[in-house]
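The values are calculated or read from the model by the stated rules, or taken from the named source; none is laboratory data. As the structure is a computational prediction, the values presented were derived from the model and not from experiment. Glycine also receives a Cβ, built like all others from the backbone with ideal geometry; neighbour counts cover every protein chain displayed. Quick note on the areas: whole protein, heavy atoms, side chains included, nothing else; ligands and nucleic acids left out. Shrake-Rupley method; radii C 1.70, N 1.55, O 1.52, S 1.80 Å.
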Amino acid sequence: MPNAEHGHSGTGNLRKVGFAIVFVAVGALSASANAQTGCKGSVYLTFDTGHMGIAPLVVDVLRSQQIKVTFFAADERTQTGGSSLDDAWAPWWRARAAEGHEFASHTLHHVYWRADGGSAQQPVFRVKPSAGPDAGQEFTMTGAQYCSQIQAAANRLRDMTGKEPLALFRAPGGKTSARLLQVGKSCGYTHVGWTPAGFLGDELPSEGYSNKALLDQALRTIRDGDILLAHLGIWSRKDPWAPAVLEPLIKGLKERGLCFRTLREHPQYGTTLGQK
């Protein structure tokens, strides 16, 4: 603080500095509170991992807008040649935990469900991971193996952040079956997708879906209670969605009186969490 070095001038100046500190602190708290007061509804912004190329830009927007989100993480290939849950990214995830964001599993190797097999008593699934040692291959996975995929991503998040992930998971592509959801529940995880209006389109090709079109649609259709889906980098999109769409979207929804909350605060999912 500019005036702190002048404290030797006398007790009066020290009091003034003290009052200034309190005033600034209260002002900061008020500014933060103002971002979440007078709510006419709530929305739940979530991010799935991706190539992580826009991750720093996303964080800049979240900080400036003072909102918290929920990250669904898988260990996906990144633009820098590593993967999104490797040691190089650990400090990034740890910093997000310190900022108060929430985390949940996206299956360790981004395992797409393709079809059910087996029986309700002994479920198996046709799957196709897009990451990890079996990326691009289609094969059969038991229910226990699928649970291991959910748990492995959660474990990695816990190790990196020092924070307990939510007992939630998101299947890659949102592709599930009743049997897959039951298997998730059997190992302690509830599936969370997104609402129709919450599909923000950042994974669509830029050539057919401009940033302006995506922003206009989101601002027109998103309502109270919607779970919003975006990614930390999509290979197929040439025109980066963040911060071009992300920041005006957040501002626009705030102007409509919608507040941003994490899934820990969700009226349905927040009551089923129960830490593991």
Would you kindly find the accessible area of W235, with a 1.4 Å probe and non-protein molecules such as ligands, DNA and RNA excluded, rounding to the nearest 10 Å²? 130
How far, in nm, would the chain grow between R63 and E99 when pulled straight, counting 0.36 nm per residue and subtracting the alpha carbon separation? 12.1 nm
For 147-154, 45-52, ranked highest to lowest by mean beta-carbon neighbours within 10 Å, the order is 45-52, 147-154
Label T195 and A213 with points 7 Å out from Cα along Cα→Cβ: what is the distance between them in nm? 2.4
For segment 113-160, what does the alpha-carbon gyration tensor say about shape, rounded, prolate or oblate, given a ≥ b ≥ c as the root eigenvalues, a/c under 1.5 as rounded, and a/b over b/c as prolate? oblate
Report the accessible area of S186, computed with a 1.4 Å probe over the heavy atoms of all protein chains in place, in Å² rounded to the nearest 10. 90
Any GluC sites (Glu not before Pro) in segment 171-276 that lie in a DSSP loop and have at most 15 other Cβ atoms within 10 Å would be E207
Under the definition of Cα pairs under 8 Å and six or more residues apart, what whole-number percent is the relative contact order of segment 209-276? 36
Go through D75, D202, D239, D159 and list them by solvent-accessible area, largest first, probe radius 1.4 Å. D159, D239, D75, D202
How many angstrom lie between the Cα centre of segment 44-95 and the Cα centre of segment 171-196? 22
What does the extension gain come out to for S206 and Q268, with contour length at 0.36 nm per residue minus their alpha carbon separation? 18.9 nm
Would you mind calculating the relative contact order of segment 39-176 from Cα pairs under 8 angstrom and at least 6 residues apart, reporting the percent as a whole number? 25
Accessible area of segment 126-276 with a 1.4 Å probe: how many percent of it is carbon plus sulfur? 52
With respect to the cross-link table entries K128/K175; K212/K251; K212/K254; K175/K212, which display a Cα-Cα separation exceeding 21 Å? K175/K212
Pairs of alpha-carbon atoms within less than 8 angstrom and 6+ residues apart define the contacts here; what relative contact order does segment 138-240 have, in percent? 24
Could you let me know the centre-to-centre spacing of segment 199-276 and segment 112-128, using Cα atoms, in angstrom? 30
State in Å² the accessible area per residue of segment 129-170; use a 1.4 Å probe, count heavy atoms of protein chains only, and round to the nearest integer. 39
In nm, what is the difference between 0.36 nm times the number of residues separating T142 and L181 and their Cα-Cα distance? 12.7 nm
Mean projected area (nm²) from the convex hull of Cα positions in segment 134-276 is 10.3
